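Trainee: The structure follows.
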Amino acid sequence: MAASYNKVIVLGNVTRDPDMRFTKSGTSVLDLGLAITDKRKNGNEWIETTVYVDTTLWGKMAEIAAEYINKGDSVLIEGRLQMDSWEQDGKKRSKLKLVGDRMQMLGKKGGQNAPNLDTVDTPSEKPSAPSNPLASIDGPEDDIPF
């Protein structure tokens with residue numbers, strides 16, 4: 001059996017205001033887009049390439065993102081890739097997206113500081129958020145078999 005590992009870390013700017021919704025059971029789900037720009041030198045010229053990544057956050061992390069993140073803000077998201085498939089107009093469609101397990105707000109559009117997360121309630125099983133305004137938010141813990 002071949003081994004596999006699905007972990008992604010991206011740093012980018014939010015391309016649209018986050019879209020919050022709830023599952024039937026009441027779990028928070030937030031969708032946002034990220035623009036990740038790569039700069040490479042080609043001879044004497046710098047070439048920029050931008051990749052747009054659809055991202056989904058769940059639970060408390062989704063609620064915090066909905067409250068504090070806006071279009072243009074910088075965020076670092078650590079998570080995993082997931083393939084979504086559906087049928088539309090009789091055609092099969094699919095899209096690779098990022099499902100965030102951890103988020104760190106890096107700065108507000110226009111150079112403002114990220115919010116101080118001490119004022120945000122954190123789940124009781126996790127330690128309280130540090131006073132650092134660039135504090136990270138962890139998603140739900142996965143069961144790790146080791």
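The values are calculated or read from the model by the stated rules, or taken from the named source; none is laboratory data. Note that this is a predicted model, so its numbers are computed, not measured. Every residue, glycine among them, receives a Cβ derived from its backbone with ideal geometry; neighbour counts consider all protein chains shown.
Trainee: Test Glu67 against the stated conditions and say whether it is closer than 17 Å to Val14 by Cα, crowded, with 17+ Cβ neighbours inside 10 Å and either of a type in the set (D, E, K, R) or modelled with pLDDT under 90 (or both).
Mentor: Values: closer than 17 Å to Val14 by Cα: yes; crowded, with 17+ Cβ neighbours inside 10 Å: no; either of a type in the set (D, E, K, R) or modelled with pLDDT under 90 (or both): yes.
When the stated conditions are applied, Glu67 does not pass them.
Trainee: Okay, next question. Residue under question is Tyr5, and the condition is that it be under 16 Å from Glu78 (Cα atoms), hydroxyl-bearing (Ser, Thr, Tyr) and in a strand (DSSP E or B); does it hold? Step through it out loud before you land on a result.
Mentor: Details: under 16 Å from Glu78 (Cα atoms): yes; hydroxyl-bearing (Ser, Thr, Tyr): yes; in a strand (DSSP E or B): no.
No: the conditions fail for Tyr5.
Trainee: Considering each of Asn6, Asn44, Asn13 in turn, give the residue that is out of contact with any Gly (no Cβ under 8 Å at 6 or more places or on another chain), touching a residue at least 40 places away in the same chain (Cβ under 8 Å) and not hydroxyl-bearing (Ser, Thr, Tyr).
Mentor: Details: Asn44 fails: touching a residue at least 40 places away in the same chain (Cβ under 8 Å); Asn13 fails: out of contact with any Gly (no Cβ under 8 Å at 6 or more places or on another chain).
On inspection, the qualifying residue turns out to be Asn6.
Trainee: Count, please, the residues in segment 83-101 that happen to be of a type outside the set (A, V, I, L, M, F, W, C) and in contact (Cβ under 8 Å) with a residue 24 or more places away in the chain. Lay out the reasoning, then the answer.
Mentor: First, the residues of segment 83-101 that are of a type outside the set (A, V, I, L, M, F, W, C): 84-85, 87-95, 97, 100-101.
Subsequent filtering for residues that are in contact (Cβ under 8 Å) with a residue 24 or more places away in the chain retains 95, 97, 100-101.
Total meeting the criteria: 4.
Trainee: Working only within segment 70-84, note down all residues that are closer than 22 Å to Lys7 by Cβ, out of contact with any Leu (no Cβ under 7 Å at 6 or more places or on another chain) and either aliphatic (A, V, I, L, M) or at pLDDT 90 or above (or both). I'd like the intermediate steps shown before the answer.
Mentor: So in segment 70-84, the residues closer than 22 Å to Lys7 by Cβ come out as 74-84.
Subsequent filtering for residues that are out of contact with any Leu (no Cβ under 7 Å at 6 or more places or on another chain) retains 78, 80, 82, 84.
If the condition is that a residue be closer than 22 Å to Lys7 by Cβ, out of contact with any Leu (no Cβ under 7 Å at 6 or more places or on another chain) and either aliphatic (A, V, I, L, M) or at pLDDT 90 or above (or both), then Glu78, Arg80, Gln82 are the ones that fit.
Trainee: Let me ask something else. Sort out which residues of segment 14-55 are touching a helix residue (DSSP H, G or I) at 6+ places or on another chain (Cβ under 8 Å) and within 17 Å of Asn70 (Cβ to Cβ), and write them in order of number.
Mentor: Those that are touching a helix residue (DSSP H, G or I) at 6+ places or on another chain (Cβ under 8 Å) and within 17 Å of Asn70 (Cβ to Cβ): Pro18, Met20, Leu30, Leu32.
Trainee: Hey, another quick one. Assigned to a strand (DSSP E or B) and farther than 16 Å from Met105 by Cβ: does that describe Lys24? Steps first, please.
Mentor: Details: assigned to a strand (DSSP E or B): no; farther than 16 Å from Met105 by Cβ: yes.
In short, no.
Trainee: Among Glu48, Glu78, which is the only one that is at negative phi, of a type outside the set (Gly, Ala, Ser) and exposed (fewer than 15 other Cβ atoms within 10 Å of the Cβ)? Even if it seems obvious, please write down each step before you answer.
Mentor: Values: Glu78 fails: exposed (fewer than 15 other Cβ atoms within 10 Å of the Cβ).
The conditions single out Glu48.
Trainee: Related question: With respect to Asp54, determine if the residue is loosely packed, with under 11 Cβ neighbours inside 10 Å and either assigned to a strand (DSSP E or B) or aromatic (Phe, Trp, Tyr) (or both). Can you show your working first?
Mentor: Details: loosely packed, with under 11 Cβ neighbours inside 10 Å: no; either assigned to a strand (DSSP E or B) or aromatic (Phe, Trp, Tyr) (or both): yes.
Answer is no for this residue.
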